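The values are calculated or read from the model by the stated rules, or taken from the named source; none is laboratory data. Computed from a prediction, not measured in an experiment: that's the story for all the values here. Backbone-built Cβ (ideal geometry, glycine too); neighbour counts: all protein chains shown.
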């Protein structure tokens, strides 16, 4: 048959600097997550979505304890804002509370975890870990920021760049979206992300990156950790299901597209090539399925690339790791 399959592409999100309720869902049950995706945008709750994803990954997650921690941090921010604050004043208070040492955070601000720069430890992407260690990455840090921002009534949204998640803030005074770089606690221009992450003009024109995502699209960003989890477990069917949910919410989600391509690759391996390593040995009754799976695998990579997605090069990863080394030396760690 000679069908061609594009091999597995690993997806990791590394950073580039610049109510108490009991858990009622079972591990592996995607129905509650599916319900989150189906909520109207004004009812999407980022905290609920993140805790649901974290629990699906790790059923031992104490969601009630995390919610209590979120309450504490919300009160800490509110304690630093002036009377009748503007949205920008509340945003500045949130930045100060999380990133500047002071009594509001017991002198222990949140910072980027230089010991896991490529986000290889999945536990580090969980909200409970980030709140406990105050060391995060470009998954946990922007998600906590947008969770607290939503609780504080701020006009915030998640956005993405290649291998990165950021937060957008709608600044009424300037009539523009500001990029909040949650891994560093400051602001960043679109042009900086374009330069540092290699975003093409085609990707921008197609709305692949740097646009403020609607809340239901943001749930797809939160669910990327679950896709990574199922990918690591080589659970092709669950991976496909979550990727489909994300793509229904946002058909231009590049992470979900690549994970969907990976899911087809896994299905090809598990159903056919693991049993018939030589394509010539695949029985005739499986030819159609083999062809379909390999074609879908290639088609999803092609779709992502046509919109402007590009796989990270070894040179880009080396450059990023060198930056981490310099930052580690600067901090004396």
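Computed values, structure above
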quantity: Which numbered condition residue 133 fails, given (1) crowded, with 17+ Cβ neighbours inside 10 Å; (2) out of contact with any strand residue (DSSP E or B) (no Cβ under 7 Å at 6 or more places or on another chain); (3) at pLDDT 95 or above; calculated: (1)
quantity: Residue match in segment 55-69 (condition: at pLDDT 95 or above, touching a helix residue (DSSP H, G or I) at 6+ places or on another chain (Cβ under 9 Å), assigned to a helix (DSSP H, G or I) and more than 30 Å from residue 253 (Cβ to Cβ)); calculated: yes
quantity: Number of the exception - residue 31 against (1) at pLDDT 90 or above; (2) touching a helix residue (DSSP H, G or I) at 6+ places or on another chain (Cβ under 7 Å); (3) farther than 25 Å from residue 116 by Cβ; calculated: (2)
quantity: Residues (modelled with pLDDT of 95 or more and in a helix (DSSP H, G or I)) located in segment 301-333; calculated: 301, 302, 303, 304, 305, 306, 307
quantity: Enumeration of residues in segment 85-115 that are on the phi > 0 side of the Ramachandran plot and touching a strand residue (DSSP E or B) at 6+ places or on another chain (Cβ under 9 Å); calculated: none
quantity: In segment 175-192, the residues that are in contact with a strand residue (DSSP E or B) (Cβ under 8 Å, 6 or more places away or on another chain), assigned to a loop (DSSP other than H, G, I, E, B) and under 14 Å from residue 94 (Cα atoms); calculated: 182, 183, 184
quantity: Helices (runs of 4 or more DSSP H) enclosed by segment 193-300 - at least 2 residues per element that are surrounded by fewer than 19 Cβ atoms within 10 Å (Cβ to Cβ) and at pLDDT 95 or above; calculated: 201-205, 236-249
quantity: Which listed residue, of 238, 217, 201, is within 22 Å of residue 308 (Cβ to Cβ) and touching a helix residue (DSSP H, G or I) at 6+ places or on another chain (Cβ under 6 Å); calculated: 217
quantity: Failed condition for residue 142, given (1) modelled with pLDDT under 95; (2) within 14 Å of residue 224 (Cα to Cα); calculated: (1)
quantity: Check on residue 181, closer than 26 Å to residue 35 by Cβ and modelled with pLDDT of 95 or more; calculated: no
